[in-house]
Amino acid sequence: MDTNKTVGKPLSRLEGRAKVTGAAKYAAEHQAPDLLHGYIVGSAITKGKIADIDITKAMAIPGVVEVLSHLNRPKLASFDLQYTDMDAPPGTVFKPLHNEQILFNGQPIALVVASDFETARYAATQIVITYTEEAHKASLEDHLDSSREPQKGFATALKPPPPPPTGDFETAFENAAVKVSATYHHGTEHHNPIELFATTTLFEGDGKLTIYDKTQGTINNQLFVANVFGLHYKDVRVLAPFVGGGFGSGLRPQYQLFLCAMAALHLKRNVRVVLDRKQMFSFSHRPTAVQQLRFATDINGKLTAMGHSTFAETSSFEDYTEPTSNWSHKLYPAPNTLFEHEVVPLDVPTPMDMRAPGGSTALHAIECTMDELAYKLKIDPLELRLINYSDFDPSTKKPYTSKALRECYLQAAEKFGWYERSPEPRSMKRGNKLIGYGMATGIWDAFQFPARAKVLIDATGKMVVENATTDIGTGTLTVMTQIAADELGLSIDDVDFRYGDSKKPFSMFQGGSAITSSTGVAIVVAAKALRKKLLKKAGQMEGSPFKKAEEQDVLFMQGKLILKEDPSKMVSLKDIIAFNKGVAIQTTQMGKPHMLKLRKYSLATHSASFVEVEVDRDLGTVKVTRAVTAVAAGKIINPKTAKSQILGSMVWGISKALHEETLMDTALGKYMNANLGEYHIPAHADIGELDVIFADEKDTLINELGTKGVGEIGLVGMPAAISNAIFHATGKRIYKLPIHFDELI
């Protein structure tokens with residue numbers, strides 16, 4: 001490794017000290033003079049209408065400034081705009097206080113604005129609301145007969161429908177030598193990042209707003225506010241320098257942003273609105289889903305037929321979908337296939353992307369079905385995957401830009417000790433514990449979005465890089481600094497990456513494991529253009545040895561421009577800027593996917609997860625004692641932050657398999673465990689030994705960096721690997737998540 005390079009080194013997060021010392025300021029911590037506080041009132045019914053809102057008692061409380069509802073809200077540019085943000089599904093985007101109609105339980109129906117938070121919260125309890133209730137639909141499984149194909153919209157490119165059927169699936173499945181038919185049930189999950197959703201809006205006068213917001217996309221929320229309130233884009237600035245977790249919940253603007261901006265514009269004051277933890281359960285969740293899988297093989301284990309049908313919930317006003325049935329054919333080839341995805345409109349908030357949307361749900365069902373086939377065939381589950389291994393994408397017949405999944409299988413199996421496994425269920429014991437080994441495959445898209453970066457060398461010879469992206473705790477600041485430093489041969493101390501601001505050059509929201517390959521590529525493209533400018537300016541200096549030098553003739557190293565053929569001839573970047581009369585030399589460039597070249601290929605990351613569980617023979621309790629995940633994701637910019645991403649995903653996989661679910665009383669249409677006391681997530685004691693391997697995967701096609709994202713690939717295989725390990729330990733196949741101990745007794 002080049003010791004002067006920072007890419008590939010396991011650097012700690014640059015903002016780490018600021019976060020652990022409290023110096024980092026989040027959306028609800030930015031102070032403003034004369035600040036008002038808002039508290040949101042949610043609907044107590046699930047469907048119907050507001051008959052009356054009596055705010056008399058609330059308004060009489062000292063310190064209460066205003067109570068906004070559909071009765072007195074200011075006018076908007078449009079309540080009916082469909083696509084107000086870049087992640088909006090087909091339908092009508094929900095905007096609070098539209099009218100008296102109630103669409104889901106907990107829907108925001110009023111905003112109390114007061115001089116302090118406690119007064120606003122107390123006043124909210126003094127509002128008397130009368131409703132007219134209507135019958136609601138809140139259970140997916142009770143309304144499968146009302147399923148339909150989802151509407152298509154502009155998000156279809158990122159969330160395509162399932163591939164068309166091939167061959168004669170029904171006949172092939174009916175006549176198959178070995179087959180499995182199973183129905184998988186997945187409950188609701190809520191994102192629950194530690195940082196609550198919050199917005200602090202500063203009213204700057206003349207319709208100008210500066211907004212500190214918890215978001216994964218500053219520009220996305222800028223567009224939303226400008227569109228809805230009829231403001232000029234340049235008059236809305238959204239900042240998110242620090243974000244305390246997102247997991248997809250911040251991809252779309254959440255309703256506290258709308259209400260906070262509305263109140264600030266209406267009152268011409270600075271306003272802050274923060275949700276409480278219960279309100280975090282009134283939007284943004286992974287949808288419930290029912291999947292019906294029918295897989296068949298010949299006597300040797302080669303897949304001959306694959307059927308995968310998904311039924312998932314959506315709201316009554318938007319058609320949210322996530323690719324689910326699609327994944328079967330992206331992993332395994334079969335001549336006869338049938339893939340379907342339908343939605344069931346329910347009286348719930350619109351579901352939303354949650355880490356590995358569709359993929360984590362789908363891979364659980366797919367990989368458990370493959371495991372069940374392996375036991376029927378009496379073939380090792382890993383061997384069955386290798387029998388059906390494909391170097392190309394079976395769903396498109398296109399080769400992958402790279403695919404080191406085989407290496408993931410073999411390296412993880414060796415590290416885990418897979419071949420020490422006794423294949424018979426209930427055959428491995430440790431005292432009173434049944435021991436189970438399970439494995440599963442993972443796959444996720446290798447996305448890249450267009451992004452623009454501004455780079456410059458200032459008068460001190462340091463590099464400044466600007467892009468609007470956020471850092472939701474993934475290490476984006478550190479990774480982008482590393483990429484930029486290497487492009488001009490600088491140390492990371494000489495690079496200032498400025499981000500989290502909608503006034504910076506364009507970035508999509510941070511999601512889909514795409515930002516390193518998006519903003520990172522934009523930095524590379526812009527830095528290359530900057531190198532040319534610097535070389536040209538250096539060639540204009542008196543007596544310059546660079547007058548006739550081409551880019552391939554020079555090196556950028558340690559803050560200097562050096563002639564390769566005679567390294568004694570050099571000039572510092574600082575001196576080049578001084579020659580430019582102290583004016584920074586800069587460029588702004590767009591990085592984007594190479595669509596023409598890449599249309600011939602399929603793009604994906606891959607993983608393999610191996611898990612050991614202990615199941616108490618008497619109590620049925622499950623502990624994941626150890627797990628290994630191997631990942632093939634192209635070039636790894638920072639092994640430390642990348643490993644952290646995979647470890648976090650593995651923990652979430654354990655949570656999804658054994659702990660995490662939101663329970664709804666469908667008669668009320670209400671989530672009953674809307675708190676972190678009863679919405680169970682793992683504690684330290686629940687997590688055993690976790691190990692991560694990065695397979696060596698060089699991808700010269702995918703983008704200028706050769707990178708693929710690692711935010712989600714570590715999650716998708718884990719729930720299935722755990723489920724399969726539980727079957728190996730107990731001999732019981734459980735078709736729902738999470739798996740509870742009572743099902744194993």
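Structure notes:
- Evaluation of I636 against (1) within 24 Å of I472 (Cβ to Cβ); (2) open to solvent by less than 10 Å² (accessible area, probe 1.4 Å) (one fails), failing number: (2)
- Selection status of L561, under 27 Å from H594 (Cα atoms) and touching a helix residue (DSSP H, G or I) at 6+ places or on another chain (Cβ under 8 Å): no
- L384 in contact with a helix residue (DSSP H, G or I) (Cβ under 8 Å, 6 or more places away or on another chain), farther than 30 Å from A88 by Cβ and open to solvent by 20 Å² or more (accessible area, probe 1.4 Å): no
- Filtered by the rule that a residue be open to solvent by less than 60 Å² (accessible area, probe 1.4 Å) and assigned to a strand (DSSP E or B), the range 664-690 gives M664, D665, Y671, I687, G688, L690.
- Scanning the range 179-206 for residues that are open to solvent by 20 Å² or more (accessible area, probe 1.4 Å) and either under 17 Å from L257 (Cα atoms) or touching a residue at least 40 places away in the same chain (Cβ under 8 Å) (or both) yields K179, S181, T183, H185, G187, N192, I194, E195, L196, L202, F203, E204.
- Leading residue by the ranking (surrounded by the most Cβ atoms within 10 Å (Cβ to Cβ)) among those in the range 264-284 that are modelled with pLDDT of 95 or more and among the polar types (S, T, N, Q): S282
- Some residue of the range 257-265 being in a loop (DSSP other than H, G, I, E, B), at negative phi and of a type outside the set (V, I, T): no
- The one condition in (1) over 28 Å from the mean Cα position of the chain (by Cα); (2) assigned to a strand (DSSP E or B); (3) within 30 Å of T218 (Cβ to Cβ) that T337 fails to fulfil: (3)
- Any hit, the range 117-132, residues being at pLDDT below 95, among the basic types (K, R), farther than 19 Å from P349 by Cβ and open to solvent by 70 Å² or more (accessible area, probe 1.4 Å): no
Yes or no, residue by residue, for (1) surrounded by 15 or more Cβ atoms within 10 Å (Cβ to Cβ); (2) of a type outside the set (G, A, S); (3) part of a loop (DSSP other than H, G, I, E, B); (4) out of contact with any Ser or Thr (no Cβ under 9 Å at 6 or more places or on another chain):
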position	(1), (2), (3), (4)
D85	yes, yes, yes, yes
L97	yes, yes, yes, no
I109	yes, yes, no, no
H143	yes, yes, no, yes
K152	no, yes, yes, yes
P162	yes, yes, yes, no
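- For A24, the requirement of being modelled with pLDDT of 95 or more, part of a loop (DSSP other than H, G, I, E, B) and of a type in the set (G, A, S) is met.
- Residue among K398, K376 that alone is in contact with a strand residue (DSSP E or B) (Cβ under 6 Å, 6 or more places away or on another chain), open to solvent by 50 Å² or more (accessible area, probe 1.4 Å) and under 23 Å from Y184 (Cα atoms): K376
- Taken over the range 426-444, the criterion of being part of a strand (DSSP E or B) and open to solvent by 50 Å² or more (accessible area, probe 1.4 Å) is satisfied by K429, R430, K433.
- Flag if E414 is part of a loop (DSSP other than H, G, I, E, B) and open to solvent by 60 Å² or more (accessible area, probe 1.4 Å): no
- Close pairs from the range 630-650: first farther than 14 Å from W444 by Cα, partner aromatic (F, W, Y) and in a helix (DSSP H, G or I), Cβ under 8 Å, at least 6 apart: none
The values are calculated or read from the model by the stated rules, or taken from the named source; none is laboratory data. Every value quoted in this text rests on a predicted model; they were computed, and no experiment measured them. Quick reminder, even Gly has a Cβ in these numbers, built from the backbone with ideal geometry, and neighbours come from all protein chains shown. We work out accessible area using only protein heavy atoms, side chains counted, and drop any ligands, DNA or RNA first. Shrake-Rupley method; radii C 1.70, N 1.55, O 1.52, S 1.80 Å.
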